[in-house]
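Comments concern the structure below.
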Amino acid sequence: MKTDAGRRVLRPIDYTIIVLTLGSAVAYSVIQHRVDIMGTVALLFGVTGTVLSARRSIWNFVFGTVNVALYAVIAYNASNYGQAALNALYYLPMQFVGWWAWSRRKDSADRSRVKARSMTGRQMLLCLAAAAVAIAAVWYTMRTLTDAAQPFKDSFITVVFVIGQVLMTFAFWQQWLFWIAGNIANIALWGIVMADGEIVGGLMVIKYSMYLINSVGGAITWRRTAAE
């Protein structure tokens, strides 16, 4: 895949992440003697989408649409209702909003990429304060009104990912700090599901581990670009 300027969107490290993801999914399925088609497809589309996002490519929203639609079903089946609602009611429509927003903020040197920018210290503090309040509210709601399996992790992930998606839509590099935090929590959440014997749990651990690696790279790349 190449950009409008003729430069390749993905770099060797990106292809390495995608290949490692596929290899890990195949190996895990062989070990478990089972194949979860939906989980595997969501895994590959999700990782590819995040790799494209780290490279500021607008095409990440195409892969993201497939990923979040499938993940909503996976999370619901695992009784992680916050993430199910997050993906179905928020992430899915935000893929189209994100495409529209990024198409209006294209890099003049490469029209297939978005221009990155940075938040002020005050804006970041407001985001953190809003996150703390929202996490507490969502956690209390889930704990009292649902049978969510892991209400605190579910609430934390739901809130930080909502904020991360907003910051991504507006092309702030600080989005990656929220993605990193949410990916770490997701690894813990799905690790428990995997320990309970659900094959999809292992696939999601692989997925969010790759997300975490990519998020660190995305933070470095976007911060440097925003500074420029």
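The values are calculated or read from the model by the stated rules, or taken from the named source; none is laboratory data. All values derive from a computational prediction rather than experimental measurement. Please note: Cβ atoms are built from the backbone with ideal geometry, for glycine as well, and neighbour counts cover all protein chains shown.
When each of W179, W190, W173 is tested for being buried (at least 21 other Cβ atoms within 10 Å of the Cβ), of a type outside the set (A, V, I, L, M) and closer than 17 Å to A226 by Cα, the lone residue that passes is W173.
To keep it simple, each residue is scored yes or no on (1) surrounded by 20 or more Cβ atoms within 10 Å (Cβ to Cβ); (2) on the phi > 0 side of the Ramachandran plot; (3) modelled with pLDDT under 90.
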residue	(1), (2), (3)
I74	yes, no, yes
N77	no, no, yes
A85	no, no, yes
G98	yes, no, no
D110	no, no, yes
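Quick grid of which residues meet (1) closer than 30 Å to P93 by Cβ; (2) modelled with pLDDT of 85 or more; (3) basic (K, R):
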position	(1), (2), (3)
R7	no, no, yes
R11	no, no, yes
L20	no, yes, no
V35	no, no, no
G46	yes, yes, no
V51	yes, yes, no
G64	yes, yes, no
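Under the condition of being of a type in the set (V, I, T), out of contact with any Leu (no Cβ under 9 Å at 6 or more places or on another chain) and not in a helix (DSSP H, G or I), the residues counted in the range 9-67 number 1. Could you say whether any residue in the range 61-77 is among the small types (G, A, S) and in contact (Cβ under 8 Å) with a residue 60 or more places away in the chain? No - not one qualifying residue is present in the range 61-77. Here V166, V133 are screened, and the one residue that is of a type in the set (A, V, I, L, M, F, W, C), within 30 Å of V9 (Cβ to Cβ) and without any contact (Cβ under 8 Å) to a residue 24 or more places away in the chain is V166. Taking every residue in the range 33-52 that is closer than 14 Å to V68 by Cβ and polar (S, T, N, Q) and pairing it with any residue that is crowded, with 23+ Cβ neighbours inside 10 Å and modelled with pLDDT of 85 or more, at least 6 positions away or on another chain, the pairs with Cβ-Cβ distances below 6 Å are T50/Y211; T50/N214.
Check whether at least one residue in the range 208-227 is aliphatic (A, V, I, L, M), over 25 Å from L22 (Cβ atoms) and either crowded, with 20+ Cβ neighbours inside 10 Å or touching a residue at least 60 places away in the same chain (Cβ under 8 Å) (or both), and report yes or no. There is at least one residue in the range 208-227 that is aliphatic (A, V, I, L, M), over 25 Å from L22 (Cβ atoms) and either crowded, with 20+ Cβ neighbours inside 10 Å or touching a residue at least 60 places away in the same chain (Cβ under 8 Å) (or both).
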